[in-house]
Structure formats: C-alpha cells, structure tokens
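The values are calculated or read from the model by the stated rules, or taken from the named source; none is laboratory data. Since this is a predicted model, take the numbers as computed values, not measurements. So basically every Cβ, Gly included, is an ideal-geometry build from the backbone, and we count neighbours across all protein chains shown. Please note that ligands, DNA and RNA were not included when accessible areas were found on the heavy atoms of the full protein model with its side chains. Shrake-Rupley method; radii C 1.70, N 1.55, O 1.52, S 1.80 Å.
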Amino acid sequence: MRKVGIGIIGCGVISTAYLKAAQRFPVLDIKALADMRSDAAERQGAAFGLPAMRVDQLLKRDDVEIVVNLTVPLAHTDVSLAVLNAGKHVHSEKPLGIDVAEARKVMELAAERNLRVGCAPDTFLGGGHQTARKLIDDGAIGTPVAGSAFFGCPGHERWHPAPGFYYLRGGGPMLDMGPYYITDLVQLLGPVASVMGSTARPRSERLVTSQPNSGTLIPVEVSTHVAGTLEFESGAVVSITMSFDVPKHRHAPIEIYGDKGSMLVPDPNRFGGEVQVAKTGGEWETVPLTHAHVDGEFRSIGVADMASAILNNRPHRASGALAFHVLEVMEAFQTSASEGRRVKIESRVERPAMLPVGCETGQID
C-alpha cells in the first residue's frame, strides 16, 4: 500500500493526540511539522523524530500531499487557504472557519483547485458511533423521531494551559464542542433543515485556575450557554445544550428516540463507549460493538480516511461539506437567538458512508 505524505501546521496541545494516533494508520507518512512559533515545532519534532520547519518551507515540499491544519480557530481559514493555494489537500481542526462566510472561501477555492477539504471531528468514525449508525440503519429503534444532545462543564479555564481563545470570537461551547455532537447527529440522522436557539453569557470575564496562568482574568466575547432545537430533514427533532456554565449534571451525551425503541449513544468526543438500546416497554441492554477503533485515541482517522480515499478515488467521510453544514447549523443558533426566529439551513449534505464492518484497528477500507 502506498503511503500518503502528511505535513502538520500547528504544534499546540492537540497536535500530540494527532501525532500519536497517526502511528496507528499505515497509510499515513508524517513528513514534517511547522508552527509560527519555531520552538513549538522544534519541541514536537524532537518528541516524535520529525523535521521542524517554517510554514512556507513545509508548503513547498513535494512529498506532502495532505496538510493537517491544527492552528487556533481564528487562523483556520487563512492557513487552509494557504495550503490549497500551495496545491495540497487540507484537513482542518474544527471548526472549518469561525463563520460560514470564512468557511465558504475554503470550500470555493478547493472546488476551483480540484482539491479535497477535510475537517474534524472524526470521532464519529469510532467504533461506538459506527455501531450506533448501523443499529439505526438496521431499524433497531424503528424510525428516529426525536432525541437529545447535552454537553455541560464549568469551563476549560480549569485545565487548559492557555484557555483564552475558547472565549473569543470563534470560540464558545457551540463552536468548540458542538461539532462533535452535531456531526454525530448528522451521520446518524441526516442533514439539519432548521434551527431554533437561545443563548446566554452570564459573565464578561472568567478566572483562570489552570497553570501557568492561574489567577488571570480572561475576557468573554461569546455566548457560553447555547440551547435550542435541531429540526432534521427526516422529521426528527433533537433538543441540544452546549454550555461552559454547568457545574455538574446527569444528562447522557446523546439519546435517540425511535418509534420502536430508544438508544444511548456514547460521548461523541470519544471513539468508543457503550451503546445501549431499550425496546418499547423494555429495559436498557448493552449492544456489542460491531466496528473497530474503540479503545484509545484515534484523532487522525479522518486524515487516514482522506488518504485512503485519494488512493481509491472515493469520497472521504470527514469532509469539508459535512463540516460546512455543521458550521452553518451552529452559527444558526446565535442568529435564531438574536433575531427571535427559526432559521432555515441552506446547505445539505449526504450522510457519510458507514465504515465497513470487520475492519481491524488501523484499517479504513
């Protein structure tokens, strides 16, 4: 099998997860790292035995076919555009852009250059979520009618070493955590047709308690509690809450309710987890997982799937089109809250193909 050359731009916290996970996928061949902070690139290069260089140097390498964009959200669009202009495919951390207008620039340039765009999250390709997809497709709960999705925590300033960007434009719980939940819901239920939302920003500043900036106050520019309703093209209606203002809760991450049963879907920020189904009038039963990529961190599987798709001339699953649709949905919550109306979603996307049953860890096709 031919390997596909990969370059990584952005050597912050999340890059470690990508670099470790990439070692699980034989199709990926990491060639080089870059970061606007040369010390960050050099540190990760030393840790993983990879050459560190400037961004412009990486983009000129002939052995790099896909560039993974792991920069902060405010830089996603500019870096992705630079990658595409260099004639390379790009896979970006989420979100695809800080708003739909920015993301559209990326999608239009990719189409013009006949290049691929991929985007996190790729956790929906994990065994827990692919099992849930198969159960729904096989009719285990009948026709999906409704559901709920919930993420709540007290805020990332408790653990992240540099949490300020989570509260600036391009941040907030919906753009940070919403992609995991809404992407999983779209791959389970299909595209979203409309959104109704409410938002809150109870504090204008947050106190950092993590090191090395404990005691620092950071400004809050975005809503930190977002709630509302997703109305799917299929007719299913899902209530959703994404919040950095919840001390503790007992909600399941995702529940799907069908006309013949209900399903508990595992945490969409993880690849594995337990899938449970309860038939009408019955009790919850744990369902054996049917797919691989369950135990551990696989936060490069979307890149591996893109690489395999390039080699096999097929669509990739964690696509720019999927991420663009999810971004439009997320943006619609603030629009709905600000204007007090239901917002129709203009974009449509096909559900990504389910991974084959029986593939071992590290395999895609």
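List of remarks:
- Those residues of the stretch 100-146 which are touching a strand residue (DSSP E or B) at 6+ places or on another chain (Cβ under 8 Å) and more than 26 Å from L175 (Cβ to Cβ), in sequence order: T131, L135, I136, A140, I141, G142, T143, V145
- Of all residue pairs spaced 6 or more apart or on separate chains, those with beta-carbon atoms under 7 Å, a first member in the stretch 5-18 that is within 16 Å of A304 (Cβ to Cβ) and open to solvent by less than 10 Å² (accessible area, probe 1.4 Å) and a second member that is assigned to a loop (DSSP other than H, G, I, E, B) and among the β-branched types (V, I, T) are G5/V64; I6/V64; G7/V64.
- Exactly one residue among D78, D39 is of a type in the set (D, E), over 22 Å from the mean Cα position of the chain (by Cα) and open to solvent by 50 Å² or more (accessible area, probe 1.4 Å), and that residue is D39.
- Number of the condition not met by F25 [criteria: (1) assigned to a loop (DSSP other than H, G, I, E, B); (2) touching a Lys or Arg at 6+ places or on another chain (Cβ under 7 Å)]: (2)
- Hey, A321 at pLDDT 95 or above, of a type in the set (A, V, I, L, M, F, W, C), in contact with a helix residue (DSSP H, G or I) (Cβ under 9 Å, 6 or more places away or on another chain) and within 26 Å of V226 (Cα to Cα) or not: yes
- Matching option when the condition is modelled with pLDDT under 95 and on the phi < 0 side of the Ramachandran plot, among V343, V357, V287: V357
- Filter result (in a loop (DSSP other than H, G, I, E, B) and either in contact with a strand residue (DSSP E or B) (Cβ under 9 Å, 6 or more places away or on another chain) or open to solvent by 60 Å² or more (accessible area, probe 1.4 Å) (or both)) within the stretch 291-330: D295, E297, S300, N313, P315, H316, R317, A318
- Any hit, the stretch 44-56, residues being closer than 21 Å to A318 by Cβ and either part of a helix (DSSP H, G or I) or open to solvent by less than 60 Å² (accessible area, probe 1.4 Å) (or both): no
- Checking each residue in the stretch 223-251 for being closer than 30 Å to L207 by Cβ, surrounded by fewer than 21 Cβ atoms within 10 Å (Cβ to Cβ) and hydrophobic (A, V, I, L, M, F, W, C) picks out A227, V246.
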